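See below for the structure under consideration.
The values are calculated or read from the model by the stated rules, or taken from the named source; none is laboratory data. What you are looking at is a predicted structure, and each value in this text was computed from that prediction instead of being measured. Because the Cβ atoms are built from the backbone with ideal geometry, glycine has one as well, and the counts that use them run over all protein chains shown. Remember, those area values only see protein heavy atoms, side chains included, never the ligands or the DNA or RNA. Shrake-Rupley method; radii C 1.70, N 1.55, O 1.52, S 1.80 Å.
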Amino acid sequence: MNKINLLGRIATDLEVKENKKQKTKVLNFTVAVPRRMNREITDFINVSAWNSLAEHIEKYFAKGQRIAILGELRVDRVEKDGETRTYYNVVAEEVDFCESVKK
């Protein structure tokens with residue numbers, strides 16, 4: 001089973017991009033997640049959300065806001081210039097609010 005839970009703050013601006021040919025929408029953003037045993041270290045995790053979830057996040061969340069994410073970890077290996085690079089991304093399946101919106 002491949003499930004990951006994240007609790008952190010949105011670290012980038014949110015913008016949904018639409019692929020009109022495939023009729024899909026995607027939102028890519030980064031979440032800053034402090035480490036459990038050492039709060040002085042923060043990991044920045046790339047997250048993507050698709051279609052209606054992407055629209056929901058764009059509508060109700062903003063940079064700096066806390067967010068809880070349940071998703072699946074994806075690992076992509078790309079060969080470039082003779083080197084193999086590994087990219088990690090979490091594909092969000094569910095999100096939840098962690099604080100009230102300040103106006």
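Observations
- The chain: Cα Rg divided by the 2.2 N^0.38 Å rule of thumb: 1.15
- Distance (nanometres) between label positions extended 7 Å along Cα→Cβ at Ser48 and Leu7: 2.8 nm
- Element breakdown for the chain at a 1.4 angstrom probe: carbon and sulfur atoms account for 46% of the accessible area.
- Heavy atoms of the protein chains alone define the surface here; on that basis the chain has 75 Å² accessible area per residue at 1.4 Å probe size.
- At an R0 of 35 angstrom, the distance between the Cβ atoms of Lys80 and Gln22 translates into a FRET efficiency of 0.90.
- The count of lysine pairs in the chain with alpha-carbon distances below 14 Å, taking only pairs 8 or more places apart or on different chains, stands at 5.
- In Å², nearest 10: area of Glu18 left accessible to a 1.4 Å probe: 110 Å²
- At most 11 other Cβ within 10 Å, DSSP loop - trypsin sites (Lys or Arg not before Pro), the range 1-83: Lys3, Lys20, Lys21, Lys23, Arg35, Arg36, Arg39
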